[in-house]
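A short write-up of the structure that comes next.
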Amino acid sequence: MILTRHLQLGLIAVLLIGAAVRAETTTGQQRAEAAGRGIVGAAAPRAVVKTIDGDTIDLGALYGKKAVYLKFWATWCTPCREQMPHFEKVYESAGPDLAVIAVNVGFNDSVEEIQRFRKQHGISMPIVFDGDGRLAAAFHLRVTPQHIVIGRNGRIQYVGHLADERLDAALVAARTSDNGQSASQVRSARAAIDETKWGIGDLMPTAPVKTLGGNSFRLRNAGLQQPTVLVFLSPWCESYLETTRPAVSKQCRIAREQVESLRTENHVRWLGVASGLWATPEDLQEYRDKYKVTIPLTLDESGALFREFRVANTPTLIIADSQGKIVRRIDPGAEDTLAKVLQQL
């Protein structure tokens, strides 16, 4: 049978679209698996967490007794929403040998949004709000959703992104895993998370960070005597959140445009700090090129800078004076404008 040129082009378009969708899905799974390489097989971190309903869950007390399934997610995340029926089904059929916990990543999200989402989608499992990013750091969060399956032996057995047969198999295997380790040994495992925090009145750290171009940037440099502005951002904020969080998307665009309009202020040092959630150096470079961003950029892959500066929402700006002391913080929706703050320095 001879296909017409229009039909051939149509089939090619369908195949390309399908390939793009598959590539995007695979990328999420690959990123989750890459994040898991450093923790799969290791003793799961201990943590005592509270649900949004006020209940306390001691993860360490569960290890050695039952398997644990943690799902990191966000209300603005499309695949998270698509996977919710599978997640709810796992919770409802878990039984006494599996603890199922939803962990909201706390990034550009809020407890109020979670409560609305829970009511809308009929979610019944316990939900933890990871507002300070400690759980995300402990379990190497890189994507949403990210599945963490911990065996009854208290060791991390699986890290993934898709709700597929690999996740289902991991959940089955986790209930029977046993390497002879005692419950007390399992509970002794702890995650080493840097708890250093910087706020108003503190001097910024002097440790350098690497920019996208490979240069070294010191957050505080006594020899320069210049104010410094840290612009905490997400490369996908403007595009991805345009439909799920249009107000946040708009704030990200406005902040970017304001920074670019003021970047020629030669008495100010600028650094864009990009979240490592759903972002690689290549993604950050694409963001820079697409929007013609000219300030230096660094990828906070582990989320350390976001945690240390207590940033959970983008865009957030941290301003330090010429001595490196933090003097102002501009959170999303704040009335202060960057231009006005810089005039006061």
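A compact table of results
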| quantity | calculated |
| --- | --- |
| Protection proxy ranking, peptides 337-343, 43-49, average beta carbon neighbours within 10 Å, highest first | 43-49, 337-343 |
| Karplus-derived HN-Hα couplings along region 239-249 (A = 6.51, B = -1.76, C = 1.60, θ = phi - 60°), whole Hz, x at Gly and Pro | 8, 5, 7, 4, 9, 8, 9, x, 5, 5, 4 |
| Net lengthening on full extension, GLN225/LYS50 (0.36 nm per residue, minus Cα-Cα) | 58.7 nm |
| Cα→Cβ-extended label distance, 7 Å offset, between GLU335 and ARG310, nm | 2.1 |
| Qualifying trypsin sites (Lys or Arg not before Pro) in region 212-263, DSSP loop, other Cβ atoms within 10 Å at most 15 | ARG263 |
| Computed [θ] at 222 nm, deg cm²/dmol, the chain (DSSP H ≥ 4; -39,500 (n - 2.57); rounded to nearest 500) | -11000 deg cm²/dmol |
| Crossing angle, helix 165-174 versus the chain [Cα axis fit, 0-90 degrees, rounded to tens] | 70 |
| Phi to ³J(HN,Hα) by Karplus 6.51 cos²θ - 1.76 cosθ + 1.60 over region 210-222, Hz, x for Gly, Pro | 8, 7, 4, x, x, 7, 9, 10, 8, 4, 10, 10, 4 |
| Order of ILE318, ILE330, ILE52 under a 10 Å beta carbon neighbour criterion, fewest first | ILE52, ILE330, ILE318 |
| Nearest 10 degrees, 0 to 90: helix 111-121 Cα axis against the chain principal axis | 40 |
| Peptide ranges 232-240, 274-282 listed from the most packed, as the mean C-beta count within 10 angstrom indicates | 232-240, 274-282 |
| Estimated FRET transfer efficiency (TYR240, VAL172; beta-carbon r; R0 30 Å; 0.05) | 0.35 |
| Amide H within-cut-off set for ARG310, under 5 Å, with H built and near neighbours excluded | TRP198 |
| DSSP beta bridge pairing in the chain, given as percent antiparallel to the nearest 5 | 55 |
| Where labels lie 7 Å past Cα in the beta-carbon direction, separation of VAL111 and ASP58 in nm | 2.3 |
| Cut-off under 5 Å, modelled amide H: who pairs with LEU297 long-range | LEU212, GLY213, GLY272 |
| Spacing of the two label points (7 Å from each Cα toward its C-beta) at GLN343 and HIS86, in nm | 5.4 |
| Sequence-distant residues sharing a close amide H with VAL103 (under 5 Å, placed H) | LYS71, PHE72, TRP73, VAL128 |
| Helix axis angle, 281-291 relative to the chain longest principal axis, alpha carbon, degrees | 50 |
| Most to least packed among 289-297, 103-111 [average Cβ atoms within 10 Å] | 103-111, 289-297 |
| VAL327-ARG37 FRET efficiency (beta carbon distance; Förster radius 35 Å; 0.05 resolution) | 0.30 |
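Values in this text are rule-based calculations from the coordinates and carry no lab data. Just so you know, these numbers come straight off a predicted model, no measurement behind them. No Cβ is skipped: glycine too gets one built from the backbone with ideal geometry, and neighbour counts run over all protein chains shown.
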